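The values are calculated or read from the model by the stated rules, or taken from the named source; none is laboratory data. Small disclaimer: the values here were computed from a predicted structure and weren't measured. Methodologically, a virtual Cβ is constructed for each residue, glycine included, from the backbone with ideal geometry; neighbour enumeration extends over all protein chains shown.
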């Protein structure tokens with residue numbers, strides 16, 4: 001059968017090509033769904049903090065490893081002995097003894113780390129203020145010393161709490177007493193009816209060591225109310241901070257150059 005004119009002139013329909021998928025990683029592609037969360041750094045995790053404490057303690061206390069191993073093995077040995085006398089419960093006692101052995105080793109590490117931290121602070125300026133940082137409630141401590149001896153570098157820090165005002169000194173016992181007494185007289189002029197306690201921090205006879213300093217402050221009996229403590233803090237702000245003596249002479253920042261000397265006259 002012959003084709004008609006209309007059939008011959010009509011073009012054949014073209015097939016639609018399948019859309020090409022957009023390549024990954026280019027613009028226009030759908031963002032990939034969020035996957036796993038970012039991992040925390042090693043030091044921020046609990047086991048990382050334990051490892052850092054162990055490394056810090058081992059620098060000054062080389063026997064901490066043997067103390068921890070002794071505590072772990074000792075507790076585990078006790079569990080094994082109890083399980084051997086208790087029929088058919090040896091495995092149960094071993095499983096029960098491992099957590100207690102780990103707790104004993106961590107307690108040893110905590111005590112040794114605290115002792116090592118105080119040994120590293122001992123003798124450094126501001127060590128007493130760092131030791132008092134373990135007291136978090138009920139006390140307000142000055143970050144900067146309220147009194148300082150420029151020649152000997154002896155310091156006096158101040159604490160305010162319900163027991164009253166506590167002045168803590170740093171320096172040898174035979175030398176820091178005058179600085180501590182001068183600060184006490186200065187405080188009495190502003191607050192005559194507030195109890196003032198004097199504590200000398202150091203290793204000399206009659207002084208309080210850094211390790212016992214925080215407990216010594218905590219044992220003071222409260223004598224003021226919370227409102228009175230806030231009023232005492234406001235009054236003490238009028239005393240201001242430490243003002244070091246300025247040497248006499250020309251201030252180099254305000255000195256003017258001699259122009260005639262520069263011209264050669």
Residues 258, 251, 204: which one is loosely packed, with under 15 Cβ neighbours inside 10 Å, at pLDDT below 85 and assigned by TED's automatic domain parsing to the domain that holds residue 148?
-> 204
Selected residue [farther than 30 Å from residue 63 by Cα and at pLDDT below 85] from 159, 192 | 192
Condition met for residue 184 (outside any helix (DSSP H, G or I), surrounded by fewer than 20 Cβ atoms within 10 Å (Cβ to Cβ) and either at negative phi or at pLDDT 85 or above (or both)) | no
Flag for residue 165 being within 15 Å of residue 131 (Cβ to Cβ), within 29 Å of the chain's Cα centre (by Cα) and in contact (Cβ under 8 Å) with a residue 24 or more places away in the chain | no
Odd one out for residue 204, checked against (1) out of contact with any helix residue (DSSP H, G or I) (no Cβ under 6 Å at 6 or more places or on another chain); (2) part of a loop (DSSP other than H, G, I, E, B) = (1)
Could you list all residues from the stretch 101-143 that are within 15 Å of residue 212 (Cα to Cα), within 14 Å of the chain's Cα centre (by Cα) and in a loop (DSSP other than H, G, I, E, B)?
-> 135
